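In what follows, a single structure is set out as structure tokens and then discussed.
The values are calculated or read from the model by the stated rules, or taken from the named source; none is laboratory data. Please read these numbers as outputs of a predicted model, since none were measured by experiment. Note: ideal-geometry Cβ built from the backbone for every residue, glycine included; neighbour counts use all protein chains shown. Accessible surface areas use protein heavy atoms only, side chains included; no ligands, DNA or RNA. Shrake-Rupley method; radii C 1.70, N 1.55, O 1.52, S 1.80 Å.
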Amino acid sequence: KMRTVDVLESFHPNECNAIDYVKARCDGLKAHCDHRGLSGDILVNLCLSGTATMTYTKDGDGDAPTYRVHLPRRGLQVQTGEVRYSYRHGIANSDLGGARRVSITFRSNKHPGHHV
């Protein structure tokens, strides 16, 4: 079904990771920008369970607006272009919409077999 999204027609992920966020454990996702050399131009996140709000902040620009994006259960989030390379993204524990969220992030690793 991901291929029905125009920008993903030629996306061929070769790596994925599942993340289990539990609010009671104070889980969250520290603001970061995925490694440019290893993760490819597109990141795709599929929310399997729970909801959250992801915050985007522009790297190195304290005057740029911050964006907060609702990530619904069964939602597909695509990061590409400027948001992929110029914005940090993260989820604060307080932005988890329930007791638990489970998601899978897909990427096209430029160097398969290389682990950091």
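Using Cβ point charges alone (K and R +1, D and E -1), the dipole size of the stretch 44-116 about the Cα centre works out to roughly 400 debye.
With every protein chain kept in the model, how would you rank S103, S86, S10 by accessible area, 1.4 Å probe, largest at the top?
Sorted by accessible area, descending: S10, S86, S103.
Against the set (1) 13.3, 37; (2) 14.2, 39; (3) 12.6, 35, the structure's computed Rg and Dmax of the Cα atoms in Å falls on (2).
Ignoring aspartates and glutamates fewer than eight residues from K23 along the same chain, the ones with Cα atoms less than 17 angstrom from its Cα are D95. Pairs of Cα atoms nearer than 8 Å and 6+ residues apart set the relative contact order; for the chain it is 43 percent.
If a paramagnetic tag sat 7 Å from the Cα of T4 along the Cα-Cβ line, which residues of the stretch 21-65 would have the backbone N under 19 Å from that point? It comes to 44-49, nothing else. With protein chains left intact and a 1.4 Å probe, residues in the stretch 42-116 average 54 Å² of accessible area per residue. Site pair E82 and A24 shows an inter-label distance of 4.3 nm when each label is modelled 7 Å from Cα along Cα→Cβ. Proximity of backbone amide H atoms, modeled 1.01 Å from N, is registered between L48 and R74, V102, S103, I104 at under 5 Å, excluding neighbours fewer than 5 places apart on the same chain. Ranking S49, S94 from most to least accessible surface, computed with a 1.4 Å probe over the protein chains only, gives S94, S49.
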